[in-house]
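Working notes, structure below.
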Amino acid sequence: MSDPMAEIRASFFIECEELLESLQDGLQMMDDGSTDSETINIVFRAVHSIKGGAGAFGLDDLVQFAHRFETAMDEVRSGNFHPDSEAIRLFFTCADILGDLVRAARDDTPPPNDQIAPVLEKLDLLVGVEEEEDEDLDFTPMTLSLDLGDTPPLGLDDAGALADLPPLTFDTPVGKGFIISFKPENALYSSGNEPLYLFRALRDLGDLSVRCDISGLPALASIDPNCGYLSWALTLVTEEPEQAVREVFEFVDGLCALSISPLTDDNSALPAPEPEVTYPEPDVIPEIETKAAEAPVTQPEPAQTAPAQSAKSTGAPTQPRATVRVDLERIDRLVNLVGELVINQAMLSQSVVETGLPPNSPVSTGLEEFLQLTRDIQESVMMIRAQPIKSLFQRMGRIVREASASVNKEVKFHTDGETTEVDKTVIERLADPLTHMIRNAVDHGFETTEDRIASGKPSAGIVTLSAQHRSGRIVIEISDDGAGIDRERVKAKALEKGLIPEDAQLSDGDIDNLLFLPGFSTASEISNLSGRGVGMDVVKSAIQALGGRISISSQQGKGTTFSISLPLTLAVLDGMVVQVAGETLVVPLNAILETLTLTDQDLRQLGPETHVVQIRGGFVPLLDLGAELGYREPETSYVGATVLLIGQEDGNRAALAVDAIEDQRQVVIKGLEGSYGRVPGIAAATILGDGQIALILDPTDLVTQASGRTRVRAFPKALAG
Amino acid sequence: MTDIDKQTDPASIELLSFRVGGQDYSVDIMSVREIRGSAKATSLPHAPFFVKGVINLRGTVLPIIDLAARLGLQADTDKDRNVIIVVDIAGRTAGLMVDAVSDILAIPSEDMQLPPDLAADETRTFVSALTIVDGRMIRILDLDTVMPPQGEEAA
């Protein structure tokens, strides 16, 4: 049905993401001082597996870079090179570029070539001075043959096999000759290649002996004339470098299972045991096309089995827990269904109450249990959508490294609680605001290194990113140990920009919150890092769009902490249920600052048809929710009316008059756009316990759309919170 | 029964006929998802006059169109006896509020007539064909014109 190659590619890239993650982990451990060979092996193995897989797909850029990186890591692994923090930082950069290359290959976008060359240069400088031998000569990528003609779509396991290729060793001496095992795939023949010519070319390089392995040949009756069954074991005695041998096979790259290994004293005796080693089970060979991906996994050389095994055993701890990959759509459907179950349950409870059954009747107790179960199911289903926030944190690690390098500050990055599980959509949509905040922290949060030393702090600043569950919400904190918010400067800046009046009396918290005002940026000079005109107000609106809240706490000289609180999922929402003109509406709780009952003193008439509410010295426009939604005409008097004070992203406030506040509860969000279309002022709908649909208000949209009776004016000194 | 009819007479179209505003209308039965009783609709702000609002159809949000209002007819005042026909319109699902469902009819396609061109009458644009059953004229509703275009609502 679908292109099998595309499927394999897709799973390769998924594997790559996982490998990149363990690569980051390993480097982080090395950065934290681990010199454990297991850690180094994890890093090496990750790079190697990416290279191996990339080779199979002909992703040359990726292979080349991964190879250089791998060579360097091999130096570390073999103990020839002991990386200092400088080197590890370089390795981090390499890992970032490797990730970029993987993504470039996946999305078919141009690779970041301009970054590669300088990094490779540094890498060579770093590792090359330690080691005189040119490691490039030992390049032995694994070529994998994927014969699409006969191959059924390969599942994920096969891609796993691609990635699980054991590493090759590179520390064997060069110069004596090579043992080559060569197993052409059908595609090699069908593309017009001929092994004989390859062997002739090899013969020109040195003394060649050829052994044909016919163990794969089936009985005459079952031979498919279109298939090749033969494989060869060749011994080449030559002074030529391996690169020369490899070039011979350049044009059949990807069309055969090829392994080239240096001839050593142990195995120069000859390829007598070779066929058995290469293909432990001769009967498997006729099926080789379907198992193409597995074939090259077998290691031809006894000399190489040891490192291969050690890599396997060390790889074990990083093995991810057993997981199932499920289409996101299916999970969403399940989430929806459970949402309906919750609604149904609520309806059932309500009708049981209406029948007037005594509270301790079997029906009521059974229903109670049902309620508990439904809640548990809902929670479990939501958890399926959740994934550890680790991947996001790792991306932020990169931001810290890049940002600190570009402003020349030494910054360490710590994470905490990276196994905290958060809804997938939330993670995706958090990336931008977090990036911005991390950049801000590095750029504005920290003093210069000299200032830090002068004030008795360690020269390296620390950015800590932490995540945790707290009372049904996710709390993400970004803290730095920098200078803290310079409130004098912030206030001066706000005055200068006309964001606050001259005589404003602001508490420390108020001043901190000024950062969230649009058009506010504290950096006196616009660095190339942050301060591009997008300020914290953008961050704040992005967080609020996720149903979250953000707050700052800062201590002069000690540092600043931004705290983001997010709902566990986007499928449910905390709302206040209100009555307006006989309709039930839900107002998102995170938009409501407070609720109050209007008195005569609060209410001021502004224009002929508009009112403002006076709240603690500030004036807030009054909106009649019923009138704004077109349910009724504006009331004659609002004295005694219940109003919700709505705070907006841009710091504007509005007072919404409603008839009554009924309840505060979690509601399941149902989109309106799919079935009807967008409704101004309305974000979505939900189904209440009685089966009725209630609309969920979009306060920002409502206030911006509000017209006629009341005009909303930006009231600059009004601050959220 | 419906299946048999379809097989024996491929040239006929099955229609679900109903009464709205004292007139007989019908829709192609293949576009009908279900018929259900009326429920209290939650009204939508800034909606066209003929959109009654939305109701909960087993967990999904179903927009309800007051067909009498849409066609410019006098609506039956006894709202409780109204019936909702859930139909698929161009990939979207909507409920048509009608007075009562009458019958399922199999009409040979040659018995269908194009409505005469009377520019003064607004309802004409909603009718794709006419036919006569037992002396009554049945109007065949052009469902695509009933729903407001998507752009109209996306204010």
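The values are calculated or read from the model by the stated rules, or taken from the named source; none is laboratory data. Because the structure is predicted, anything quoted here is derived from the model rather than measured. Cβ coordinates were reconstructed from backbone atoms using ideal geometry, including for glycine residues, and neighbour counts include every protein chain displayed.
Within the stretch A:488-507, the residues that satisfy the criterion of being modelled with pLDDT of 80 or more, out of contact with any Ser or Thr (no Cβ under 8 Å at 6 or more places or on another chain) and surrounded by fewer than 17 Cβ atoms within 10 Å (Cβ to Cβ) are A:E488, A:A492, A:L495, A:E496.
Within the stretch A:41-48, can one find any residue that is over 23 Å from the mean Cα position of the chain (by Cα), within 18 Å of A:L120 (Cα to Cα) and among the aromatic types (F, W, Y)?
Scanning the stretch A:41-48 turns up no residue that is over 23 Å from the mean Cα position of the chain (by Cα), within 18 Å of A:L120 (Cα to Cα) and among the aromatic types (F, W, Y).
Here is a yes/no grid of residues against (1) over 19 Å from A:K670 (Cβ atoms); (2) not charged (D, E, K, R):
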position: A:Q556; (1), (2): yes, yes
position: A:I564; (1), (2): yes, yes
position: A:L573; (1), (2): no, yes
position: A:M576; (1), (2): no, yes
position: A:L593; (1), (2): yes, yes
position: A:L596; (1), (2): yes, yes
position: A:R604; (1), (2): yes, no
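A:L656 satisfies every condition listed in (1) at pLDDT below 85; (2) within 14 Å of chain B (Cβ to nearest Cβ) except (1). If the condition is being of a type in the set (D, E) and within 24 Å of A:Q601 (Cα to Cα), then the stretch A:638-682 contributes only A:D659. Within the stretch A:7-24, identify whether any single residue is surrounded by 23 or more Cβ atoms within 10 Å (Cβ to Cβ) and at pLDDT below 80, and answer yes or no. Checked the stretch A:7-24: at least one residue is surrounded by 23 or more Cβ atoms within 10 Å (Cβ to Cβ) and at pLDDT below 80.
Put simply, of A:L623, A:L593, A:L598 the only residue that is within 14 Å of chain B (Cβ to nearest Cβ) and in contact with a strand residue (DSSP E or B) (Cβ under 7 Å, 6 or more places away or on another chain) is A:L623. Taking the stretch A:541-582 as the range and being at pLDDT 85 or above, closer than 20 Å to A:D701 by Cα and touching a Ser or Thr at 6+ places or on another chain (Cβ under 7 Å) as the test, only A:V577 passes. Specify the residue that is farthest from the other protein chains (Cβ to nearest Cβ); the eligible residues are those in the stretch A:633-648 that are touching a residue at least 24 places away in the same chain (Cβ under 8 Å) and within 19 Å of A:P608 (Cβ to Cβ). The extreme case among them is A:V639.
Please state which of the following conditions A:Y229 fails to meet, knowing it meets all the rest: (1) within 17 Å of A:I180 (Cβ to Cβ); (2) in a loop (DSSP other than H, G, I, E, B). That leaves (1) as the condition not met. Within the stretch A:429-449, the only residue that satisfies the criterion of being under 18 Å from the mean Cα position of the chain (by Cα) and of a type in the set (S, T, N, Q) is A:T435. Just wondering, is there one or more residues in the stretch B:22-30 that are over 21 Å from A:Q692 (Cα atoms) and either within 14 Å of another protein chain (Cβ to nearest Cβ) or in a helix (DSSP H, G or I) (or both)? Yes, the conditions are met somewhere in the stretch B:22-30. Being more than 7 Å from chain B (Cβ to nearest Cβ) and at pLDDT 80 or above is the filter here; which residues of the stretch A:670-687 pass it? Answer for the stretch A:670-687, where residues must be more than 7 Å from chain B (Cβ to nearest Cβ) and at pLDDT 80 or above: A:A683, A:A684, A:T686.
Applying the set (1) at pLDDT below 85; (2) under 25 Å from B:S12 (Cβ atoms); (3) not in a loop (DSSP other than H, G, I, E, B) to B:P116 leaves exactly one unmet item: (3). Among the residues of the stretch A:449-485, those that are more than 24 Å from A:A405 (Cα to Cα) and of a type outside the set (K, R) comprise A:A467, A:Q468, A:H469, A:S471, A:G472, A:I474, A:V475, A:I476. Is it the case that A:R375 is at pLDDT 80 or above and either touching a strand residue (DSSP E or B) at 6+ places or on another chain (Cβ under 9 Å) or part of a helix (DSSP H, G or I) (or both)? Criteria not met by A:R375.
Taking every residue in the stretch B:88-103 that is facing another protein chain (nearest Cβ under 10 Å) and pairing it with any residue that is of a type in the set (K, R), at least 6 positions away or on another chain, the pairs with Cβ-Cβ distances below 7 Å are B:T93/B:R33. Residue check: A:T704 meets all listed conditions (1) within 14 Å of chain B (Cβ to nearest Cβ); (2) more than 21 Å from B:R92 (Cβ to Cβ); (3) touching a residue at least 12 places away in the same chain (Cβ under 8 Å); (4) not in a loop (DSSP other than H, G, I, E, B) but one, namely (3). I'm trying to understand the selection: among the residues of the stretch A:415-456, which are in a helix (DSSP H, G or I), hydrophobic (A, V, I, L, M, F, W, C), in contact (Cβ under 8 Å) with a residue 40 or more places away in the chain and over 25 Å from A:D512 (Cα atoms)? Answer for the stretch A:415-456, where residues must be in a helix (DSSP H, G or I), hydrophobic (A, V, I, L, M, F, W, C), in contact (Cβ under 8 Å) with a residue 40 or more places away in the chain and over 25 Å from A:D512 (Cα atoms): A:V426, A:I427. The condition (being touching a helix residue (DSSP H, G or I) at 6+ places or on another chain (Cβ under 7 Å) and of a type in the set (V, I, T)) is satisfied by just one residue among A:V475, A:V463: A:V463. Of the candidates A:V620, A:V580, A:V539, A:V586, the single residue that is under 24 Å from the mean Cα position of the chain (by Cα) and surrounded by 14 or more Cβ atoms within 10 Å (Cβ to Cβ) is A:V539. Can you tell me which residue is farthest from the other protein chains (Cβ to nearest Cβ) among those in the stretch B:57-76 that are touching a helix residue (DSSP H, G or I) at 6+ places or on another chain (Cβ under 8 Å) and free of Cβ contacts under 8 Å to residues at least 40 places away in the same chain? Ranking the candidates gives B:R58 first.
Scanning the stretch A:15-22 turns up no residue that is closer than 24 Å to A:A460 by Cβ and in contact (Cβ under 8 Å) with a residue 12 or more places away in the chain. Inspection of the stretch A:450-462 finds no residue satisfying the criterion of being aliphatic (A, V, I, L, M) and under 16 Å from the mean Cα position of the chain (by Cα). Would you confirm whether any residue within the stretch A:47-54 is part of a helix (DSSP H, G or I) and hydroxyl-bearing (S, T, Y)? Yes: the stretch A:47-54 contains one or more residues that are part of a helix (DSSP H, G or I) and hydroxyl-bearing (S, T, Y). Quick check, is A:F92 in a helix (DSSP H, G or I), in contact with a Cys (Cβ under 7 Å, 6 or more places away or on another chain) and crowded, with 17+ Cβ neighbours inside 10 Å? No; evaluated as a whole, the condition is false for this residue.
Scan the stretch A:402-454 for residues that are among the aliphatic types (A, V, I, L, M) and over 22 Å from A:A483 (Cα atoms) and the total you get is 5.
Please tell me if A:G254 is in contact with a Lys or Arg (Cβ under 9 Å, 6 or more places away or on another chain) and modelled with pLDDT under 80. It is false that A:G254 is in contact with a Lys or Arg (Cβ under 9 Å, 6 or more places away or on another chain) and modelled with pLDDT under 80.
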